[in-house]
Amino acid sequence: MNVDINKYSCPLPVMDHDTVQLAHGSGGKLSADLIANFFLPRFGNPLLDRLDDQAVLALPPGRLAFTTDSFVVDPIFFPGGDIGDLAINGTVNDISMCGARPLYLSVAFIIEEGLPFADLHRILLAMEAAADKAGVAVVTGDTKVVNKGSCDKVFINTSGIGLLPDNIQISSTNLQSGDRIILSGSIADHGMAIMTSREGLSFQTRIRSDTAALNSLVDCMLQASTEIHAMRDPTRGGAAASLNEWAKSSQIGIVIDEETIPVHPQVRGACEILGIDPLNVANEGKLLAAVPADSAQSVLEAMQKHPYGKEAVIIGEVVADHKGMVAMNTSLGAARIVDMPLGEQLPRIC
Amino acid sequence: MKYLDEYRTPWIARHILTEINNNVTRPWVIMEVCGGQTHAILKHGIDQLLPNKIELVHGPGCPVCVTPLELLDKAIAIAARPEVTFCSYGDMLRVPGSDHDLFKVKSTGGDLRIIYSPLEAVKIAREHPDRQVVFFAVGFETTAPGNGMTILQAEKEGLHNFSVLSSHVLVPPAIRALLSLPDNRVQGYLAPGHVCTVMGWQDYEAIARRFKVPIVPTGFEPMDILEGILMVVKQLEQGRYEVQNQYRRSVKREGNIPAQEIINTVFEVADRNWRGIGPIPASGLRIRQKFADFDAERKFPVSSIYPREPEICISGQVLQGLKKPKECTAFGKECTPEHPLGATMVSNEGACAAYYKYNMARVGRI
């Protein structure tokens, strides 16, 4: 029997893949390749490049703000953004809402095996751009790959820390009767962008998510006044949930005026068709602020000069009446309750 | 926004309200039949703007609310079957059955899909031939053509893994039943605009004559509702009882004939149990024998279902316009949207939910 030895070779593991494999999360060679080829080129900085298990940060004295958030949005790409910039902006905003200046983020990925590398790359590019724009550095991270079906494409957790100046006291327990409620712009864009980009809806719109990092807007507001009592980015549950949380936390009442609340026509149309109240729909690039009456105008004007606050408007005020509840003067001249939304309007919007 | 703002304009509302004030001399009780109208009335605060002499009572026109408990229990049993992909509108998922709701089925591994169009369910059946796809078709005459269309489409495509769990009810028999109650107080009706868009208003002419009540097919925007009330009030004050169409941009006397043809092809009129009200003869639609293969009730025989209603709940009286949600001792206490005791607290269109969600009485303002 003649054996052609050249026909035989030792089976080498396949290293070139179009999609993420379980082995990419194993901590071995493929994991190292993934980090070197995908993550470091996007987030690289002296703190991350050391590839230690932790980032060691030298911080000035003072108070730190620390937050974490997980992102499981479906679909992962949607008009106006993707799960990547959402994960950066969401955590930057959570830090910013107490007046802190966001500095450092951690990023952890849970990836379903089979995720195309092209998708991962696209997500990472968006994260890089969002982090650059917000002026934050990703200093530590983690990647796990799970079996097909154990998660849906990719989930991302980001945590972050920021520095809080000494003279700032912003909290949802600080609202006081007479405070004006300022909204930074139109509501419901993000939630309706997700909703209308889902499969199964037989109408199309050009609604885009408003995902944006609001730290520079907050900077402008704090320059106008350090007396801001509360800030909140109304994400899940929308403006209605944030206002109700404030009313309960501060044991005050809130009254808003329906006619003042900006809702873009396309968004309003989509909400009408689907029977959804825009007040209950998520935003990812808007904030609500409660500001004492005497500084409300200067804060509002500062916001209106910022690109993310051009449509800022005073939508209502804090009252001593009906503690713990939010009311709205309707455009017809009557009043109604704005209740805490019961459950998710939509599953997995962020 | 076009087609919306012109029906929500405050100065027009004030003008109609002045007209209503100028016309009303005596107390009148008017029922808006449709839950969508109830929702709009409370959302925009229309009830607060009307003169005291006009009392609005809320009718049974919430399909989620009147779906019989027995059928909900069947839905829950079918949805829990491992071979079934169960498609439903979101509202139905939270309606409590005897023991739990459809959300519970979902969280324990049931394959439940929330859909927005009936044909999505057909699409799911087409794409998943290995699954038994069941569409929970609930509604009045408004949704019957679309739901009937799913069966015609599935038959045309030979999709034998598709079936419909149908719970369709009809408005005119319900209005007759309410008007025949010994303690009926309702003197005029805002008829449901979308039901009339499909069915027309001929059926209501006989009711108006027989019971001497004005009936006005009415839309869902604040201007529609205010104009509808004005039309009813004028008739009541003048002693007239006619069917008069407020919702002219949508409703024709004969209705939508092609839509009616679909209903008649797929469904036949049958006796129907209304949750909270009880059985009303010839008040529902059931899938014709010819389409038995697409009828989930026949396909998945579910036996031994003995529904139990919470005793404290007065949703039946609320649905009949005999009581207001605020008159229920459980309202806002034992019964909230988080823990609903009856369907009127669950559905967006349910009167109890609308009161809880919008009415300022909860903050002690009214």
Please order A:C98, B:C196 by the number of other Cβ within 10 Å, starting at the fewest.
A:C98, B:C196
To the nearest 10 degrees, how steeply does helix B:202-211 sit against the main Cα axis of chain B, on a 0 to 90 scale?
50 degrees
Return the loop-located chymotrypsin sites (Phe, Trp or Tyr not before Pro) in the range B:1-71 (DSSP other than H, G, I, E, B) with at most 13 other Cβ atoms within 10 Å of their own Cβ; answer none if there are none.
B:Y3
Spin-label model distance (nm) - B:E19 vs A:I273, 7 Å beyond Cα toward Cβ:
3.1 nm
Determine which lysines satisfy two conditions relative to B:K104: a Cα distance under 17 Å, and not lying fewer than 8 residues away in the same chain.
B:K74
If amide hydrogens are placed 1.01 Å from N in the peptide plane, which non-local residues have theirs closer than 5 Å to the one on B:A270?
B:S283, B:G284, B:L285, B:R286
To the nearest 0.05, what FRET efficiency results for A:Q169 and B:K290 with a Förster distance of 51 Å applied to their C-beta separation?
0.10
If a cysteine in chain B has no other Cys Cβ under 4.7 Å from its own Cβ, put it on the list, ordered by number.
B:C34, B:C87, B:C196, B:C313, B:C328, B:C335, B:C352
Helix A:238-250 versus the longest principal axis of chain A: what angle, 0 to 90°, nearest 10, using Cα atoms?
60 degrees
Using only C-alpha atoms and all pairs of different ones, pull out the Kirkwood radius for the protein assembly as shown in Å with one decimal.
28.2 Å
Too long for a 29 Å Cα-Cα cut-off, among A:K248/B:K333; B:K2/B:K323; B:K53/B:K357; A:K153/B:K106, are B:K2/B:K323
What longest region of chain A stays clear of chymotrypsin sites (Phe, Trp or Tyr not before Pro) that DSSP places outside H, G, I, E and B and that have at most 16 other Cβ atoms within 10 Å?
A:9-202
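DSSP beta bridges in the range A:5-164, what fraction antiparallel, as a percent rounded to 5?
If we restrict to bridges inside the range A:5-164, about 70 percent are antiparallel.
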Looking only at lysines whose Cα falls under 20 Å of A:K310's and that sit 8 or more positions away or on another chain, we get A:K133, A:K286
Interchain or sequence-distant (5+) residues whose placed amide H lies within less than 5 Å of the amide H of B:D295 are B:V164
Which FRET efficiency value, to the nearest 0.05, do you get for A:D257 and B:V29 by plugging their Cβ-Cβ distance into 1/(1 + (r/R0)^6) with R0 = 35 Å?
0.60
Where in chain A lies the longest segment free of GluC sites (Glu not before Pro) that are both loop residues by DSSP (not H, G, I, E, B) and have at most 16 other Cβ atoms within 10 Å?
A:1-198
Under 12 Å, Cβ to Cβ, from A:F39 - net charge with Lys/Arg +1 and Asp/Glu -1:
-3
On C-alpha positions alone, give me the angle between the axis of helix A:117-134 and the longest principal axis of chain A, in degrees, nearest 10.
40 degrees
Which residues' amide hydrogens lie under 5 Å from the amide hydrogen of B:V243, considering only partners 5 or more residues apart or on another chain, with H built in the peptide plane?
B:I215
Using a Gaussian network model on chain B with a 10 Å cutoff between Cα atoms, which of B:R272, B:R81, B:R26 fluctuates the most?
B:R26
In the range A:93-192, what percentage of the DSSP-assigned beta bridges are antiparallel, given to the nearest 5?
55 percent
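Values in this text are rule-based calculations from the coordinates and carry no lab data. Keep in mind the model is a prediction, meaning the values are calculated, not measured. Here the Cβ is made from the backbone with ideal geometry for all residues, glycine too, and neighbour counts use every protein chain on show.
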